[in-house]
Amino acid sequence: MGNERSHTSDGTPIGGWVLRADPETFDVGPMLEEFGQVFRYPLPPSDRIHDMAPGQPCFLFLADTSRVVGIWAVGEVVAPTFVAPVDPDDPGAGEQAFAEVELLPLEKAIALGKLQAHAAFAGGELVSSPDQANPVLLRPDEVRAIEEFDFTIIEPSDEQLARLEEVLGDDEETGLVFQLIGIERSFGIRLDGDEDGLLSVFTISEEGAFELGRFQEFSDALELIALRSDGLELDEPVGAGPEDGLPDGNPIAILQTEDGVLVIYRTDVSVFELFDPEPEEAEEASGDEGWDAQAGGPEHLGRFDSLADALAALAENVDEVDDDEYDDHDHDHDHDHDHDHDHDHEGGGGGGGGGGGGGEDTEPEA
């Protein structure tokens, strides 16, 4: 749906990301051994974690001097960054942000020396800023340079994929439902995974991730975000897209529904537009014939003079459903493990296929 964020808040073009593995913070070895890939990685609080978007290339860098220092896994971001409680049984323990990725290991690393010798990496964070916290930004020319190196991907075994599917199946109970993305602060709604089945509203910024409240109804959770987001600094408005298409840029809000997504774009200083990017898919899945979708294109659901009005319209476009309906939902944390990669050969890029929470027996359905 074209939701990849193209620039950071300071205007730097985004080509992709590197996660520098630090065994003292998070040892990727056991995850690689058990699941054949890295599918989730903890991130420190920062503005740029909101810039990670599905489809963006991502790479794993290991600095363990007992082996070759360099890039040891390739893939992509598969879902927006999400937050989860550090200790579900202790609300005061705080929350942790996680990158949702699919990073597959390489037979041989792309050595740091090769990166340093390539002109594309001159002045880039990966080779010039060793202390840069995760995620490390790659410019588009740096990603292209990595894809030009010869490397061979190690595909996960059937047993590893089965173990991963079991883990991710458990995660569906704590999925990310809604995200509103600001420049310095963002808001989200997730299924909390507790027996009470409430929707957890949280905010995340450089100061960390904090829960704001829990609600049974999605509309109540979204109303709190509308109140708290008054004055939220947003990205600049995006331009008009092709006729009968989506605007040319990134949405500021994304709602995961039973059948797909709904998105809000900021198209002028005080203009917010609500879209269903794939209405035909949604109708086919739900049997809802009331949306009168245009064949072959997104449906424009409304234009509003304020973010609060757009969020209110978003709430009106969803219904609450039972947990048993949610269990059938193709959740955003769906790693596609029928790996049909083009990368099990010498010479060529990365690719991949991951999610994050609650309402009392609730998940919004468009």
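The values are calculated or read from the model by the stated rules, or taken from the named source; none is laboratory data. Predicted model, so just to flag it, every value in this text is computed and none were measured. Cβ sites come from the backbone with ideal geometry, for glycine too, and all protein chains shown count toward neighbours. Surface accessibility is based on the protein's heavy atoms, side chains included, excluding ligands, DNA and RNA. Shrake-Rupley method; radii C 1.70, N 1.55, O 1.52, S 1.80 Å.
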request  = State which residue pairs qualify: first residue closer than 28 Å to Thr12 by Cβ and small (Gly, Ala, Ser) and inside the stretch 142-159, second residue in a helix (DSSP H, G or I) and open to solvent by 10 Å² or more (accessible area, probe 1.4 Å) in any location, beta carbons under 8 Å apart, and separation of 6 or more residues or different chains.
outcome  = Ala145/Ala120
note = Output for Cβ contacts, cut-off 9 Å, separation at least six or different chains, first residue modelled with pLDDT of 90 or more and aliphatic (A, V, I, L, M) in the stretch 32-56, second open to solvent by 20 Å² or more (accessible area, probe 1.4 Å) and part of a helix (DSSP H, G or I), reads Val38/Met31; Val38/Leu32
inquiry  = Tally up the residues in the stretch 231-252 that are closer than 14 Å to Glu184 by Cβ, open to solvent by 30 Å² or more (accessible area, probe 1.4 Å) and of a type in the set (A, V, I, L, M, F, W, C), please.
reply    = 1
query = Right, Leu255: open to solvent by 20 Å² or more (accessible area, probe 1.4 Å) and either of a type in the set (Val, Ile, Thr) or under 26 Å from Ile14 (Cα atoms) (or both) or not?
reply = no
task = Give me the pairs, please: first residue somewhere in the stretch 216-229 and more than 12 Å from Leu180 (Cα to Cα) and part of a helix (DSSP H, G or I), second residue anywhere and aromatic (Phe, Trp, Tyr) and open to solvent by 10 Å² or more (accessible area, probe 1.4 Å), beta-carbon distance under 7 Å, and either six or more positions apart or on two chains.
result = Ala221/Phe215
request  = Please give the number of the condition Asp27 fails out of (1) open to solvent by less than 40 Å² (accessible area, probe 1.4 Å); (2) over 19 Å from Gln179 (Cβ atoms).
outcome  = (1)
request  = Name every residue in the stretch 14-26 that is among the charged types (D, E, K, R) and either touching a His at 6+ places or on another chain (Cβ under 8 Å) or at pLDDT 90 or above (or both), in order of residue number.
outcome  = Arg20
note = Taking the stretch 55-81 and the residues there that are of a type outside the set (S, T, N, Q) and surrounded by fewer than 18 Cβ atoms within 10 Å (Cβ to Cβ), the one that is farthest from Lys108 (Cα to Cα) would be Gly55
